[in-house]
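What follows is a set of notes on a single structure, which appears directly below.
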Amino acid sequence: MDFKECGYSLANKEQMRKTSALTFQSTEKDAKKDTHFENLTTNLSNTYASDLLPSKDGKDLTECFLLQVVDILLHYIKKSFDVKSKILDFHHPHQLLEGLEGFNLELSDHPESLEQLLVDCTDTLKYGVKTGHPRFLNQLSSGLDVIGLAGEWLTATANTNMFTYEIAPVFTVMETILLKKMYEIIGWGETEGDGIFSPGGSISNLYGILIARYKQYPEIKRKGMTELPCIVLFVSEQGHYSVRKAAAILGIGTDNVIEVKCDERGKMIAAELEKNILQVKRKGRTPFCVTATAGSTVLGAFDPLQDIADICERHGLWMHVDAAWGGGLLLSRNYSHKLSGIERANSVTWNPHKLMGVPLQCSAILIREKGLLEACNQMQARYLFQPDKPYNVDFDTGDKTIQCGRHVDIFKLWLMWKAKGTSGFEAQINRYMELAKYFYKVLKRKDNFQLVFDAEPEFTNVCFWYLPPRLKHIPKGFERDQELQKIAPKIKAQMIEEGTAMISYQPCGDKVNFFRMVFSNPATRQTDVDYLIDEIERLGKDL
Ligand code: ABU
(Lines give C-alpha, C1' and ligand atoms only; values in the text may rest on other atoms or scores of the structure.)
Protein backbone atom coordinates (compact mmCIF):
# COMPACT_ATOMS: atom_id res chain seq x y z
CA MET A 1 0.00 0.00 0.00
CA ASP A 2 1.48 3.38 -0.95
CA PHE A 3 0.79 6.70 0.73
CA LYS A 4 -1.85 7.71 -1.78
CA GLU A 5 -3.80 4.52 -1.21
CA CYS A 6 -3.54 5.09 2.51
CA GLY A 7 -5.10 8.48 1.93
CA TYR A 8 -2.25 10.67 3.08
CA SER A 9 -0.11 12.64 0.69
CA LEU A 10 2.78 15.00 0.74
CA ALA A 11 0.66 17.64 -1.01
CA ASN A 12 -1.72 17.72 1.94
CA LYS A 13 1.12 17.96 4.39
CA GLU A 14 2.66 20.79 2.43
CA GLN A 15 -0.66 22.60 2.25
CA MET A 16 -1.04 22.33 5.99
CA ARG A 17 2.39 23.72 6.63
CA LYS A 18 1.82 26.57 4.17
CA THR A 19 -1.45 27.61 5.72
CA SER A 20 -0.30 27.32 9.31
CA ALA A 21 -0.09 30.57 11.24
CA LEU A 22 3.66 30.40 11.31
CA THR A 23 4.36 30.08 7.60
CA PHE A 24 4.73 32.88 5.12
CA GLN A 25 6.17 33.34 1.64
CA SER A 26 8.23 30.65 0.08
CA THR A 27 11.94 31.28 0.39
CA GLU A 28 15.01 29.40 -0.63
CA LYS A 29 15.26 28.17 2.92
CA ASP A 30 11.69 26.87 2.72
CA ALA A 31 12.44 25.06 -0.54
CA LYS A 32 15.41 23.35 1.08
CA LYS A 33 13.22 22.43 4.01
CA ASP A 34 10.60 20.98 1.67
CA THR A 35 13.20 18.77 0.00
CA HIS A 36 14.37 17.76 3.45
CA PHE A 37 10.76 16.84 4.37
CA GLU A 38 10.30 14.89 1.15
CA ASN A 39 13.42 12.93 1.98
CA LEU A 40 12.13 12.27 5.45
CA THR A 41 8.79 11.11 4.09
CA THR A 42 10.40 8.67 1.70
CA ASN A 43 12.58 7.50 4.55
CA LEU A 44 9.77 6.58 6.89
CA SER A 45 10.26 2.96 5.95
CA ASN A 46 13.77 3.08 7.40
CA THR A 47 13.00 5.11 10.49
CA TYR A 48 11.62 4.09 13.85
CA ALA A 49 9.96 5.54 16.94
CA SER A 50 13.42 5.81 18.49
CA ASP A 51 14.32 8.38 15.80
CA LEU A 52 11.51 10.72 16.87
CA LEU A 53 11.72 13.29 19.64
CA PRO A 54 13.21 13.23 22.22
CA SER A 55 15.93 11.74 20.05
CA LYS A 56 18.60 14.28 19.10
CA ASP A 57 17.79 15.60 15.57
CA GLY A 58 14.33 14.06 15.82
CA LYS A 59 12.44 17.34 15.41
CA ASP A 60 11.81 17.28 11.66
CA LEU A 61 11.04 13.59 11.54
CA THR A 62 8.55 14.03 14.39
CA GLU A 63 6.85 16.84 12.49
CA CYS A 64 6.80 14.80 9.32
CA PHE A 65 5.38 11.74 11.06
CA LEU A 66 2.68 13.64 12.95
CA LEU A 67 1.60 15.52 9.83
CA GLN A 68 1.14 12.17 8.15
CA VAL A 69 -0.97 11.03 11.09
CA VAL A 70 -3.07 14.19 10.78
CA ASP A 71 -3.54 13.43 7.08
CA ILE A 72 -4.83 9.97 7.93
CA LEU A 73 -7.21 11.40 10.51
CA LEU A 74 -8.45 14.14 8.19
CA HIS A 75 -9.14 11.62 5.46
CA TYR A 76 -11.12 9.54 7.96
CA ILE A 77 -13.02 12.55 9.31
CA LYS A 78 -14.06 13.62 5.81
CA LYS A 79 -15.21 10.09 5.02
CA SER A 80 -17.13 9.93 8.31
CA PHE A 81 -19.31 12.84 7.23
CA ASP A 82 -19.87 11.51 3.72
CA VAL A 83 -23.23 9.67 3.63
CA LYS A 84 -22.05 7.73 0.61
CA SER A 85 -19.22 6.11 2.54
CA LYS A 86 -19.83 2.89 4.44
CA ILE A 87 -20.20 3.16 8.21
CA LEU A 88 -18.13 0.05 8.68
CA ASP A 89 -16.34 -2.70 6.87
CA PHE A 90 -17.57 -5.51 9.06
CA HIS A 91 -15.34 -8.46 9.92
CA HIS A 92 -15.76 -11.17 12.50
CA PRO A 93 -13.45 -11.22 15.55
CA HIS A 94 -11.67 -14.34 14.29
CA GLN A 95 -10.86 -12.54 11.02
CA LEU A 96 -9.29 -9.63 12.89
CA LEU A 97 -7.40 -12.07 15.08
CA GLU A 98 -6.13 -13.94 12.04
CA GLY A 99 -5.05 -10.71 10.31
CA LEU A 100 -6.49 -8.95 7.26
CA GLU A 101 -4.71 -7.87 4.11
CA GLY A 102 -1.47 -7.20 5.95
CA PHE A 103 -3.19 -5.78 9.04
CA ASN A 104 -1.63 -7.88 11.73
CA LEU A 105 -2.67 -7.20 15.31
CA GLU A 106 -0.02 -9.47 16.81
CA LEU A 107 2.91 -7.79 18.56
CA SER A 108 6.50 -8.65 17.84
CA ASP A 109 9.82 -8.34 19.69
CA HIS A 110 11.34 -6.03 17.11
CA PRO A 111 10.26 -2.45 16.36
CA GLU A 112 8.21 -1.73 13.24
CA SER A 113 9.06 1.19 10.94
CA LEU A 114 7.22 4.51 11.12
CA GLU A 115 5.78 3.75 7.71
CA GLN A 116 4.30 0.51 9.03
CA LEU A 117 2.85 2.39 12.01
CA LEU A 118 1.10 4.79 9.62
CA VAL A 119 -0.33 1.85 7.69
CA ASP A 120 -1.50 0.37 11.01
CA CYS A 121 -3.17 3.66 11.92
CA THR A 122 -4.97 3.68 8.58
CA ASP A 123 -6.07 0.06 8.94
CA THR A 124 -7.25 0.57 12.51
CA LEU A 125 -9.65 3.22 11.25
CA LYS A 126 -10.51 1.24 8.12
CA TYR A 127 -11.82 -1.72 10.13
CA GLY A 128 -13.48 0.38 12.82
CA VAL A 129 -16.92 1.99 12.97
CA LYS A 130 -17.47 5.58 11.83
CA THR A 131 -19.49 6.77 14.80
CA GLY A 132 -19.62 10.28 13.32
CA HIS A 133 -21.39 9.06 10.17
CA PRO A 134 -24.84 10.69 9.75
CA ARG A 135 -26.44 7.23 9.72
CA PHE A 136 -24.75 5.97 12.87
CA LEU A 137 -27.77 5.89 15.18
CA ASN A 138 -26.71 2.95 17.29
CA GLN A 139 -25.70 4.53 20.56
CA LEU A 140 -26.70 7.33 22.90
CA SER A 141 -23.21 8.73 22.35
CA SER A 142 -22.58 9.34 18.67
CA GLY A 143 -21.34 11.97 16.25
CA LEU A 144 -17.96 13.55 15.81
CA ASP A 145 -17.63 17.11 17.03
CA VAL A 146 -14.57 18.68 15.43
CA ILE A 147 -13.97 21.08 18.33
CA GLY A 148 -14.34 18.25 20.82
CA LEU A 149 -11.89 16.25 18.76
CA ALA A 150 -9.40 19.13 18.83
CA GLY A 151 -9.89 19.21 22.60
CA GLU A 152 -9.10 15.52 22.85
CA TRP A 153 -5.93 15.95 20.77
CA LEU A 154 -4.79 18.74 23.01
CA THR A 155 -5.61 16.67 26.08
CA ALA A 156 -3.56 13.74 24.79
CA THR A 157 -0.70 16.08 24.02
CA ALA A 158 -0.78 17.57 27.50
CA ASN A 159 -0.88 13.99 28.86
CA THR A 160 -1.42 14.95 32.45
CA ASN A 161 -3.36 13.65 35.40
CA MET A 162 -6.34 15.31 37.06
CA PHE A 163 -5.44 14.37 40.61
CA THR A 164 -3.58 17.55 41.53
CA TYR A 165 -3.56 21.22 40.61
CA GLU A 166 0.20 20.84 40.74
CA ILE A 167 0.30 18.97 37.43
CA ALA A 168 -3.05 20.02 35.92
CA PRO A 169 -3.49 23.66 36.97
CA VAL A 170 -5.62 24.79 34.05
CA PHE A 171 -7.70 21.63 33.79
CA THR A 172 -8.56 21.42 37.51
CA VAL A 173 -9.75 25.03 37.50
CA MET A 174 -11.74 24.40 34.30
CA GLU A 175 -13.38 21.47 36.04
CA THR A 176 -14.53 23.60 38.97
CA ILE A 177 -15.93 26.18 36.54
CA LEU A 178 -17.87 23.58 34.55
CA LEU A 179 -19.15 21.82 37.65
CA LYS A 180 -20.41 25.16 38.96
CA LYS A 181 -22.19 25.78 35.67
CA MET A 182 -23.84 22.38 35.89
CA TYR A 183 -25.01 22.98 39.51
CA GLU A 184 -26.53 26.27 38.39
CA ILE A 185 -28.29 24.64 35.45
CA ILE A 186 -29.71 21.95 37.73
CA GLY A 187 -30.94 24.71 40.04
CA TRP A 188 -28.71 24.23 43.06
CA GLY A 189 -27.57 27.21 45.11
CA GLU A 190 -24.09 28.57 44.56
CA THR A 191 -22.56 27.04 47.67
CA GLU A 192 -24.44 23.74 47.59
CA GLY A 193 -22.76 21.73 44.89
CA ASP A 194 -19.80 19.43 44.79
CA GLY A 195 -18.75 16.99 42.10
CA ILE A 196 -16.18 15.37 39.92
CA PHE A 197 -15.88 14.09 36.36
CA SER A 198 -15.73 10.32 36.33
CA PRO A 199 -15.07 7.55 33.81
CA GLY A 200 -18.65 7.16 32.58
CA GLY A 201 -22.26 7.06 33.72
CA SER A 202 -22.01 3.73 35.51
CA ILE A 203 -19.19 5.03 37.69
CA SER A 204 -21.10 8.26 38.32
CA ASN A 205 -24.09 6.19 39.46
CA LEU A 206 -21.74 4.16 41.66
CA TYR A 207 -20.57 7.43 43.24
CA GLY A 208 -24.16 8.52 43.85
CA ILE A 209 -24.95 5.32 45.74
CA LEU A 210 -21.60 5.30 47.55
CA ILE A 211 -22.16 8.84 48.83
CA ALA A 212 -25.78 8.10 49.73
CA ARG A 213 -24.62 5.24 51.93
CA TYR A 214 -21.77 7.26 53.45
CA LYS A 215 -24.10 10.12 54.31
CA GLN A 216 -26.33 7.77 56.26
CA TYR A 217 -23.57 5.56 57.67
CA PRO A 218 -20.22 7.39 57.78
CA GLU A 219 -18.80 4.56 59.93
CA ILE A 220 -18.88 2.34 56.79
CA LYS A 221 -15.57 3.82 55.76
CA ARG A 222 -13.72 2.29 58.70
CA LYS A 223 -15.86 -0.59 59.77
CA GLY A 224 -17.32 -1.92 56.55
CA MET A 225 -20.72 -3.45 55.94
CA THR A 226 -20.77 -5.63 59.07
CA GLU A 227 -21.79 -2.60 61.15
CA LEU A 228 -24.75 -1.77 58.92
CA PRO A 229 -28.33 -3.02 58.85
CA CYS A 230 -29.55 -4.67 55.65
CA ILE A 231 -29.79 -1.57 53.47
CA VAL A 232 -31.98 -1.36 50.37
CA LEU A 233 -32.13 0.91 47.36
CA PHE A 234 -34.81 1.45 44.73
CA VAL A 235 -34.66 2.00 41.00
CA SER A 236 -37.29 1.64 38.31
CA GLU A 237 -37.45 -1.54 36.25
CA GLN A 238 -36.35 0.65 33.32
CA GLY A 239 -33.40 2.10 35.26
CA HIS A 240 -29.86 1.44 34.10
CA TYR A 241 -28.23 -1.86 35.02
CA SER A 242 -25.30 0.02 36.53
CA VAL A 243 -27.40 0.58 39.65
CA ARG A 244 -27.54 -3.17 40.29
CA LYS A 245 -23.88 -3.40 39.41
CA ALA A 246 -23.05 -0.67 41.92
CA ALA A 247 -24.97 -2.58 44.60
CA ALA A 248 -22.90 -5.67 43.81
CA ILE A 249 -19.62 -3.74 43.88
CA LEU A 250 -20.46 -1.91 47.11
CA GLY A 251 -21.37 -5.09 48.97
CA ILE A 252 -25.03 -4.11 49.20
CA GLY A 253 -26.04 -7.03 47.01
CA THR A 254 -28.34 -7.11 44.03
CA ASP A 255 -31.09 -8.75 46.13
CA ASN A 256 -31.26 -5.45 47.95
CA VAL A 257 -32.07 -3.47 44.83
CA ILE A 258 -35.82 -3.24 44.44
CA GLU A 259 -36.99 -2.67 40.89
CA VAL A 260 -40.06 -0.47 41.01
CA LYS A 261 -42.84 -1.00 38.45
CA CYS A 262 -43.19 1.46 35.59
CA ASP A 263 -46.15 2.69 33.64
CA GLU A 264 -46.49 1.75 29.98
CA ARG A 265 -44.20 4.61 28.91
CA GLY A 266 -41.45 3.32 31.20
CA LYS A 267 -41.75 5.89 33.99
CA MET A 268 -41.44 4.78 37.58
CA ILE A 269 -44.88 4.69 39.25
CA ALA A 270 -44.43 6.84 42.34
CA ALA A 271 -47.19 5.07 44.28
CA GLU A 272 -45.43 1.75 43.63
CA LEU A 273 -42.21 3.21 44.97
CA GLU A 274 -43.85 4.20 48.21
CA LYS A 275 -45.55 0.81 48.47
CA ASN A 276 -42.17 -0.90 48.00
CA ILE A 277 -40.51 1.29 50.62
CA LEU A 278 -43.19 0.45 53.18
CA GLN A 279 -42.94 -3.26 52.37
CA VAL A 280 -39.16 -3.23 52.81
CA LYS A 281 -39.51 -1.47 56.15
CA ARG A 282 -42.14 -3.94 57.32
CA LYS A 283 -39.72 -6.77 56.54
CA GLY A 284 -37.10 -5.16 58.81
CA ARG A 285 -34.79 -3.99 56.07
CA THR A 286 -33.61 -0.38 55.80
CA PRO A 287 -34.26 1.77 52.71
CA PHE A 288 -31.56 4.39 52.16
CA CYS A 289 -31.62 5.55 48.54
CA VAL A 290 -33.82 5.95 45.47
CA THR A 291 -32.28 6.20 42.02
CA ALA A 292 -34.65 7.97 39.67
CA THR A 293 -34.03 8.04 35.93
CA ALA A 294 -34.19 11.10 33.69
CA GLY A 295 -34.06 9.66 30.20
CA SER A 296 -34.04 5.87 30.33
CA THR A 297 -31.68 4.07 28.00
CA VAL A 298 -34.19 2.20 25.86
CA LEU A 299 -37.51 4.01 26.11
CA GLY A 300 -36.20 7.51 26.89
CA ALA A 301 -38.55 7.83 29.85
CA PHE A 302 -38.42 10.49 32.55
CA ASP A 303 -39.43 9.40 36.05
CA PRO A 304 -41.75 11.79 37.95
CA LEU A 305 -38.97 13.52 39.88
CA GLN A 306 -41.19 15.83 41.97
CA ASP A 307 -43.27 12.91 43.25
CA ILE A 308 -40.15 10.85 43.92
CA ALA A 309 -38.56 13.80 45.76
CA ASP A 310 -41.68 14.05 47.97
CA ILE A 311 -41.43 10.35 48.81
CA CYS A 312 -37.71 10.60 49.53
CA GLU A 313 -38.36 13.53 51.86
CA ARG A 314 -41.15 11.70 53.67
CA HIS A 315 -38.95 8.65 54.26
CA GLY A 316 -35.62 10.38 54.75
CA LEU A 317 -34.05 8.75 51.69
CA TRP A 318 -31.25 9.98 49.46
CA MET A 319 -32.47 10.85 45.98
CA HIS A 320 -30.04 10.14 43.16
CA VAL A 321 -31.06 11.05 39.60
CA ASP A 322 -29.46 9.15 36.75
CA ALA A 323 -29.65 11.86 34.09
CA ALA A 324 -26.73 10.40 32.15
CA TRP A 325 -28.81 10.51 28.98
CA GLY A 326 -31.44 13.13 29.76
CA GLY A 327 -29.25 15.67 31.58
CA GLY A 328 -28.44 17.54 28.38
CA LEU A 329 -32.12 18.42 28.03
CA LEU A 330 -31.66 20.87 30.91
CA LEU A 331 -29.95 23.12 28.35
CA SER A 332 -33.15 23.44 26.33
CA ARG A 333 -35.66 26.02 27.53
CA ASN A 334 -38.33 24.16 25.55
CA TYR A 335 -37.77 20.80 27.20
CA SER A 336 -36.01 21.24 30.55
CA HIS A 337 -39.40 20.98 32.30
CA LYS A 338 -39.19 17.21 31.71
CA LEU A 339 -36.59 17.13 34.48
CA SER A 340 -38.58 19.28 36.89
CA GLY A 341 -37.68 18.16 40.41
CA ILE A 342 -34.04 17.38 39.62
CA GLU A 343 -33.12 20.42 41.71
CA ARG A 344 -34.40 18.48 44.73
CA ALA A 345 -32.03 15.55 44.12
CA ASN A 346 -29.14 14.87 46.46
CA SER A 347 -26.97 13.68 43.59
CA VAL A 348 -27.11 13.64 39.80
CA THR A 349 -25.31 11.75 37.04
CA TRP A 350 -25.01 13.76 33.82
CA ASN A 351 -23.02 12.60 30.79
CA PRO A 352 -22.07 15.37 28.36
CA HIS A 353 -20.78 12.60 26.07
CA LYS A 354 -24.36 11.64 25.28
CA LEU A 355 -26.91 14.29 24.27
CA MET A 356 -24.35 17.12 24.23
CA GLY A 357 -22.13 15.22 21.80
CA VAL A 358 -18.84 15.61 23.65
CA PRO A 359 -16.34 12.93 22.55
CA LEU A 360 -16.20 9.93 24.85
CA GLN A 361 -15.82 10.02 27.67
CA CYS A 362 -17.25 12.84 29.70
CA SER A 363 -19.49 12.15 32.67
CA ALA A 364 -20.14 14.11 35.84
CA ILE A 365 -21.34 13.10 39.28
CA LEU A 366 -22.83 16.09 41.04
CA ILE A 367 -23.54 16.05 44.78
CA ARG A 368 -25.73 18.60 46.57
CA GLU A 369 -23.56 18.81 49.68
CA LYS A 370 -20.05 20.13 49.81
CA GLY A 371 -17.38 17.99 51.43
CA LEU A 372 -19.15 14.61 51.30
CA LEU A 373 -17.19 13.29 48.31
CA GLU A 374 -13.92 14.05 50.00
CA ALA A 375 -14.97 12.81 53.44
CA CYS A 376 -16.12 9.53 51.90
CA ASN A 377 -13.14 8.85 49.67
CA GLN A 378 -10.22 10.72 51.16
CA MET A 379 -7.14 8.63 52.05
CA GLN A 380 -4.64 11.51 52.39
CA ALA A 381 -1.75 9.87 50.55
CA ARG A 382 1.06 12.16 51.60
CA TYR A 383 3.22 11.52 48.55
CA LEU A 384 0.54 13.19 46.41
CA PHE A 385 -1.70 15.39 48.52
CA GLN A 386 0.79 17.26 50.68
CA PRO A 387 -1.06 19.89 52.74
CA ASP A 388 1.90 22.30 52.69
CA LYS A 389 1.94 23.03 48.96
CA PRO A 390 2.39 26.65 47.86
CA TYR A 391 -1.18 27.01 46.52
CA ASN A 392 -4.78 26.47 47.61
CA VAL A 393 -4.87 22.69 47.92
CA ASP A 394 -8.67 22.64 47.59
CA PHE A 395 -7.82 22.40 43.91
CA ASP A 396 -6.08 19.04 44.50
CA THR A 397 -9.34 17.25 43.83
CA GLY A 398 -7.87 13.75 43.49
CA ASP A 399 -8.78 12.61 46.99
CA LYS A 400 -12.49 13.09 46.26
CA THR A 401 -12.38 10.21 43.82
CA ILE A 402 -12.36 6.42 44.05
CA GLN A 403 -9.48 6.25 41.60
CA CYS A 404 -6.00 7.70 41.76
CA GLY A 405 -4.96 8.63 38.25
CA ARG A 406 -7.75 10.44 36.41
CA HIS A 407 -7.97 11.25 32.72
CA VAL A 408 -8.57 14.85 31.66
CA ASP A 409 -12.14 14.70 30.34
CA ILE A 410 -12.87 18.34 30.93
CA PHE A 411 -11.01 20.23 28.22
CA LYS A 412 -13.03 19.00 25.24
CA LEU A 413 -16.28 19.94 27.05
CA TRP A 414 -14.91 23.35 28.01
CA LEU A 415 -13.72 24.01 24.45
CA MET A 416 -17.05 22.91 22.96
CA TRP A 417 -18.94 25.14 25.40
CA LYS A 418 -16.70 28.04 24.34
CA ALA A 419 -17.33 27.22 20.68
CA LYS A 420 -21.11 26.78 20.86
CA GLY A 421 -22.15 28.75 23.89
CA THR A 422 -25.04 27.35 25.91
CA SER A 423 -27.34 28.44 23.07
CA GLY A 424 -25.47 26.24 20.59
CA PHE A 425 -26.08 23.14 22.70
CA GLU A 426 -29.69 24.19 23.08
CA ALA A 427 -30.21 24.52 19.33
CA GLN A 428 -28.57 21.16 18.68
CA ILE A 429 -30.70 19.41 21.28
CA ASN A 430 -33.92 21.05 20.08
CA ARG A 431 -33.12 19.82 16.59
CA TYR A 432 -32.82 16.22 17.86
CA MET A 433 -36.23 16.54 19.49
CA GLU A 434 -37.70 17.80 16.22
CA LEU A 435 -36.11 14.93 14.30
CA ALA A 436 -37.60 12.44 16.77
CA LYS A 437 -41.08 13.93 16.23
CA TYR A 438 -40.59 13.82 12.46
CA PHE A 439 -39.48 10.18 12.59
CA TYR A 440 -42.45 9.27 14.78
CA LYS A 441 -44.90 10.97 12.42
CA VAL A 442 -43.48 9.21 9.34
CA LEU A 443 -43.62 5.81 11.06
CA LYS A 444 -47.15 6.43 12.25
CA ARG A 445 -48.31 6.83 8.66
CA LYS A 446 -46.78 3.53 7.55
CA ASP A 447 -48.71 0.32 8.06
CA ASN A 448 -45.61 -1.89 7.94
CA PHE A 449 -44.12 -0.19 11.00
CA GLN A 450 -45.55 -0.37 14.48
CA LEU A 451 -44.66 2.01 17.28
CA VAL A 452 -43.97 0.57 20.72
CA PHE A 453 -45.93 3.57 22.10
CA ASP A 454 -48.51 5.29 20.04
CA ALA A 455 -47.99 8.69 21.67
CA GLU A 456 -45.48 11.37 20.62
CA PRO A 457 -41.95 10.59 21.80
CA GLU A 458 -40.99 12.06 25.15
CA PHE A 459 -37.35 12.25 24.23
CA THR A 460 -35.23 11.45 21.19
CA ASN A 461 -35.81 7.70 21.61
CA VAL A 462 -38.37 6.29 19.17
CA CYS A 463 -39.04 2.57 19.56
CA PHE A 464 -40.68 0.55 16.81
CA TRP A 465 -41.07 -2.78 15.06
CA TYR A 466 -40.84 -3.40 11.35
CA LEU A 467 -43.51 -5.85 10.15
CA PRO A 468 -42.61 -7.71 6.96
CA PRO A 469 -45.64 -8.33 4.70
CA ARG A 470 -45.89 -11.99 5.76
CA LEU A 471 -46.36 -11.00 9.44
CA LYS A 472 -48.86 -8.22 8.89
CA HIS A 473 -51.79 -10.60 8.72
CA ILE A 474 -50.86 -12.81 11.67
CA PRO A 475 -52.90 -11.60 14.65
CA LYS A 476 -50.98 -10.15 17.62
CA GLY A 477 -49.97 -12.86 20.03
CA PHE A 478 -47.44 -15.56 20.80
CA GLU A 479 -47.13 -16.91 17.27
CA ARG A 480 -46.50 -13.48 15.76
CA ASP A 481 -44.09 -12.53 18.54
CA GLN A 482 -42.04 -15.67 17.91
CA GLU A 483 -41.47 -14.50 14.35
CA LEU A 484 -41.26 -10.80 15.07
CA GLN A 485 -38.41 -11.19 17.54
CA LYS A 486 -36.17 -12.50 14.75
CA ILE A 487 -36.82 -9.58 12.40
CA ALA A 488 -34.82 -6.73 13.96
CA PRO A 489 -31.64 -8.85 14.52
CA LYS A 490 -31.78 -10.09 10.91
CA ILE A 491 -32.21 -6.59 9.47
CA LYS A 492 -29.45 -5.24 11.70
CA ALA A 493 -27.07 -8.06 10.73
CA GLN A 494 -27.60 -7.27 7.05
CA MET A 495 -27.20 -3.54 7.66
CA ILE A 496 -23.86 -4.15 9.34
CA GLU A 497 -22.79 -6.51 6.57
CA GLU A 498 -23.53 -3.83 3.97
CA GLY A 499 -22.33 -0.98 6.19
CA THR A 500 -25.26 1.27 5.27
CA ALA A 501 -26.60 2.34 8.69
CA MET A 502 -26.50 1.33 12.33
CA ILE A 503 -29.41 1.30 14.74
CA SER A 504 -29.87 -0.60 17.98
CA TYR A 505 -32.51 -3.17 18.95
CA GLN A 506 -33.47 -5.04 22.09
CA PRO A 507 -36.34 -6.83 23.77
CA CYS A 508 -37.85 -5.06 26.77
CA GLY A 509 -40.10 -6.68 29.36
CA ASP A 510 -42.81 -8.55 27.47
CA LYS A 511 -41.98 -6.79 24.19
CA VAL A 512 -39.96 -8.82 21.72
CA ASN A 513 -36.98 -7.32 19.87
CA PHE A 514 -37.74 -3.84 18.58
CA PHE A 515 -35.60 -1.09 17.08
CA ARG A 516 -34.57 1.88 19.19
CA MET A 517 -33.92 5.02 17.19
CA VAL A 518 -32.08 7.74 19.11
CA PHE A 519 -31.05 11.17 17.94
CA SER A 520 -27.79 12.48 19.36
CA ASN A 521 -25.71 12.68 16.22
CA PRO A 522 -25.33 16.26 14.93
CA ALA A 523 -24.64 15.01 11.40
CA THR A 524 -28.02 13.26 11.05
CA ARG A 525 -30.56 15.02 8.80
CA GLN A 526 -34.17 14.31 7.81
CA THR A 527 -32.89 12.69 4.62
CA ASP A 528 -30.98 10.15 6.75
CA VAL A 529 -34.16 9.39 8.67
CA ASP A 530 -36.01 8.77 5.39
CA TYR A 531 -33.11 6.66 4.20
CA LEU A 532 -33.17 4.52 7.34
CA ILE A 533 -36.86 3.78 6.94
CA ASP A 534 -36.37 2.80 3.28
CA GLU A 535 -33.36 0.70 4.22
CA ILE A 536 -35.26 -1.22 6.89
CA GLU A 537 -38.04 -1.88 4.37
CA ARG A 538 -35.55 -2.97 1.71
CA LEU A 539 -33.75 -5.36 4.03
CA GLY A 540 -36.85 -6.62 5.80
CA LYS A 541 -39.55 -7.00 3.18
CA ASP A 542 -38.73 -10.61 2.31
CA LEU A 543 -38.00 -11.82 5.81
N1 ABU B 1 -25.96 3.46 29.04
C2 ABU B 1 -24.87 3.37 28.19
C3 ABU B 1 -25.20 3.72 26.76
C4 ABU B 1 -26.13 2.79 26.11
C5 ABU B 1 -26.32 3.08 24.64
O6 ABU B 1 -25.58 3.86 24.04
O7 ABU B 1 -27.22 2.52 24.06
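The values are calculated or read from the model by the stated rules, or taken from the named source; none is laboratory data. None of these values were measured; they are calculated from a predicted model. Positions of Cβ are generated from backbone atoms using ideal geometry, with glycine treated the same way; all protein chains shown enter the neighbour counts. To get the accessible areas, we keep the full protein, side chains included, count just its heavy atoms, and leave off ligands, DNA and RNA. Shrake-Rupley method; radii C 1.70, N 1.55, O 1.52, S 1.80 Å.
Short-range pairs are left out: with C-alpha atoms under 8 Å and at least six residues apart, the relative contact order of the chain is 17 percent.
Here's how it looks for Ala292: its modeled amide H is under 5 Å from those of His320, Val321, Asp322, which are all 5 or more places away or on a different chain. Compute the FRET efficiency between Glu192 and Ala455 as 1/(1 + (r/R0)^6), taking r as their Cβ-Cβ distance and R0 = 41 Å, and round to the nearest 0.05. E between Glu192 and Ala455, to the nearest 0.05, is 0.70. Count charges around Lys267 for me, please; just the other residues with Cβ under 13 Å from its Cβ, Lys/Arg as +1, Asp/Glu as -1. So the environment of Lys267 carries a net charge of -4.
Each residue was assigned an accessible area with a 1.4 Å probe, and for Met225 the value is about 60 Å². Using every pair of distinct Cα positions in the stretch 37-181, the Kirkwood expression returns a hydrodynamic radius of 18.3 angstrom. With one equal scatterer per alpha carbon and no solvent term, the Debye-computed log10 I(q)/I(0) for the chain at 0.08, 0.10, 0.12 1/Å reads -0.64, -0.96, -1.25.
Neighbours of Ala168 by Cβ distance under 15 Å: Lys/Arg scored +1, Asp/Glu scored -1, total -2. When Rg and the Kirkwood radius Rh are both evaluated on Cα atoms of the stretch 300-401, their ratio Rg/Rh stands at 1.07. Here's the picture: charge each Lys and Arg Cβ at +1 and each Asp and Glu Cβ at -1 in the chain, and of Thr62, Ala381, Gly424 the one pushed furthest to the positive end of that dipole is Gly424. When Cys289, Cys262 are compared by accessible surface with a 1.4 Å probe, the order from highest to lowest is Cys262, Cys289.
For His92, put the label point 7 Å out on the Cα→Cβ axis and report which residues of the stretch 117-149 keep their amide N under 19 Å from it. Those under the cut-off are 127-128.
Only sites in a loop by DSSP and with at most 11 other Cβ atoms within 10 Å count here; which trypsin sites (Lys or Arg not before Pro) in the stretch 46-102 make the cut? Qualifying residues, ordered by number: Lys56, Lys84. Semi-axes of the equivalent ellipsoid of the stretch 409-466 are 33, 11, 8 Å, computed as sqrt(5λ) over the eigenvalues of the C-alpha gyration tensor in descending order. Accessible area per residue for the stretch 36-105 is 61 Å², calculated with a 1.4 Å probe on protein heavy atoms, without ligands, DNA or RNA. Under 5 Å between amide hydrogens, built in the peptide plane, is the criterion, and for Ser363 it picks out Ser198, Gly200 among residues at least 5 positions away or on other chains. Among the protein heavy atoms, those of His94 account for about 100 Å² of accessible surface (1.4 Å probe, every chain in place). Projected label points at Asp310 and Arg222, each 7 Å from Cα along the beta carbon direction, are separated by 4.1 nanometres.
Distance between the 7 Å Cα→Cβ label points at Glu369 and Lys437: 4.1 nm. Each residue, Arg538 and Lys476, gets one label point 7 Å from its Cα in the Cβ direction; the gap between the two is 3.1 nm.
The stretch 98-152 and the stretch 314-386 have their alpha-carbon centroids 32 Å apart. For the stretch 168-277, the calculated P(r) over all alpha carbon pairs, in 10 Å bins from 0 to the bin holding the longest distance, is 12, 32, 35, 18, 3 percent.
Sorting Thr62, Thr527, Thr297 by solvent-accessible area of protein heavy atoms yields Thr527, Thr297, Thr62, largest first, with a 1.4 Å probe. Candidates Gly328, Gly195, Thr286 compared by Cα position along the dipole of the chain: farthest toward the positive end lies Thr286, with charges placed on Cβ.
Protein heavy-atom surface of the chain, 1.4 angstrom probe: 53% of the accessible area is carbon and sulfur, with nucleic acids and ligands not counted.
Under the combined filter of DSSP loop state and at most 15 neighbouring Cβ atoms within 10 Å, the stretch 330-411 retains these GluC sites (Glu not before Pro): Glu369. Applying a DSSP loop filter and a limit of 11 other Cβ atoms within 10 Å to the chymotrypsin sites (Phe, Trp or Tyr not before Pro) in the stretch 331-415 leaves Tyr383, Tyr391.
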